[in-house]
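No value in this document is a laboratory result; all are computed from the given coordinates. As the structure is a computational prediction, the values presented were derived from the model and not from experiment. Don't worry about glycine lacking a Cβ; one is built from the backbone with ideal geometry, like all the others, and counts go over all protein chains shown.
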Amino acid sequence: MSFFLHKVPSVIQCLYPAYIWHKPRTSRKVYLTFDDGPVPESTPFVLNELGKRGLKASFFMVGDNVRKNTSLAKEVLAGGHQIGNHTFHHIKGSSIDTKKYLDEVKACQFTLEDCLSISPGLFRPPYGRLKKKQATLLQKDFKIVMWEVLSGDFSPRLDPDTAIRNTCKYTQAGSIVLFHDQEKSASFLRKGLSDYLDFIQDEGFQTAWI
């Protein structure tokens, strides 16, 4: 198995101090996040696993998926979970000009307002990539949320059991942990998500909104 970086190095976090990488270490809370949904292949399973344990998470939603799966997005909201903006088409900010990127964010925000009657103040850039000017402008309206621990659930080259062990290893109080409720993560989630959720409960962690 190839090397995979499950924890974002502190030096990278320090280079971008305006972004939220983790929350305070003062209480035993973990901040679960799920990106790219909602989709029928993964989101219902995630909601069921969270619901069985009474856990809450933050879902960074792609606007086009909300448009296509509005009833599912409403289930996430009804479950007491937090929702954030993840652009309308899952666009990488570093490969698009600033105006078009901001239009993508606005389109997602409009969809969330129209379909769910919410206007989230959280934004996560797809792939964690955006230009400095994009970030500066977005910070006027959003908190930009990154992550500290990456599960790797999107990578077919990772063994789910090993990836979950490493995700557990790097999880600590205040960690923002990234999973994906997308189609290509479905198999991984079914193999490993329940083990991770059991781990955080066994370790005495609570989950919370960001």
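Say whether the condition of being loosely packed, with under 14 Cβ neighbours inside 10 Å, of a type outside the set (S, T, N, Q), free of Cβ contacts under 8 Å to residues at least 12 places away in the same chain and closer than 19 Å to ILE83 by Cβ is met by at least one residue in the stretch 111-129. Yes: one or more hits. Against the list (1) surrounded by fewer than 17 Cβ atoms within 10 Å (Cβ to Cβ); (2) over 25 Å from ALA208 (Cβ atoms); (3) in contact with a strand residue (DSSP E or B) (Cβ under 9 Å, 6 or more places away or on another chain), the condition SER94 fails is (3). In this structure, does ASN69 turn out to be crowded, with 19+ Cβ neighbours inside 10 Å, closer than 19 Å to LYS184 by Cα and either without any contact (Cβ under 8 Å) to a residue 12 or more places away in the chain or more than 17 Å from the chain's Cα centre (by Cα) (or both)? So ASN69 passes the test.
Taken over the stretch 72-106, the residue count meeting the criterion of being in contact (Cβ under 8 Å) with a residue 12 or more places away in the chain, of a type in the set (D, E, K, R) and within 17 Å of PRO120 (Cα to Cα) is 3. Among residues of the stretch 183-210 that are touching a residue at least 60 places away in the same chain (Cβ under 8 Å) and at positive phi, those with a Cβ under 7 angstrom from a residue that is surrounded by fewer than 17 Cβ atoms within 10 Å (Cβ to Cβ) and not acidic (Asp, Glu), sequence gap 6+ or separate chain, pair up as GLY204/ARG28. Within the stretch 42-58, is even one residue free of Cβ contacts under 8 Å to residues at least 12 places away in the same chain, within 20 Å of GLY128 (Cβ to Cβ) and out of contact with any helix residue (DSSP H, G or I) (no Cβ under 6 Å at 6 or more places or on another chain)? The answer is no, given that none of the residues of the stretch 42-58 is free of Cβ contacts under 8 Å to residues at least 12 places away in the same chain, within 20 Å of GLY128 (Cβ to Cβ) and out of contact with any helix residue (DSSP H, G or I) (no Cβ under 6 Å at 6 or more places or on another chain). When PHE154 is tested against (1) buried (at least 22 other Cβ atoms within 10 Å of the Cβ); (2) under 15 Å from HIS180 (Cβ atoms), exactly one condition is not met: (1). Selection of the stretch 17-59 for residues being basic (Lys, Arg) and either buried (at least 17 other Cβ atoms within 10 Å of the Cβ) or within 13 Å of the chain's Cα centre (by Cα) (or both) yields LYS23, LYS29, LYS56.
One line per residue, one yes/no per condition, for (1) surrounded by fewer than 14 Cβ atoms within 10 Å (Cβ to Cβ); (2) touching a residue at least 60 places away in the same chain (Cβ under 8 Å); (3) of a type outside the set (Phe, Trp, Tyr); (4) over 19 Å from SER58 (Cβ atoms):
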{"position": "GLN134", "(1), (2), (3), (4)": "no, no, yes, yes"}
{"position": "GLN139", "(1), (2), (3), (4)": "yes, yes, yes, no"}
{"position": "MET146", "(1), (2), (3), (4)": "no, yes, yes, no"}
{"position": "ALA163", "(1), (2), (3), (4)": "no, yes, yes, yes"}
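Annotation note: Cβ proximity below 8 Å between a residue of the stretch 167-182 that is in a helix (DSSP H, G or I) and a residue that is of a type in the set (D, E, K, R) (sequence gap 6+ or interchain) occurs for TYR170/LYS7; TYR170/GLU148.
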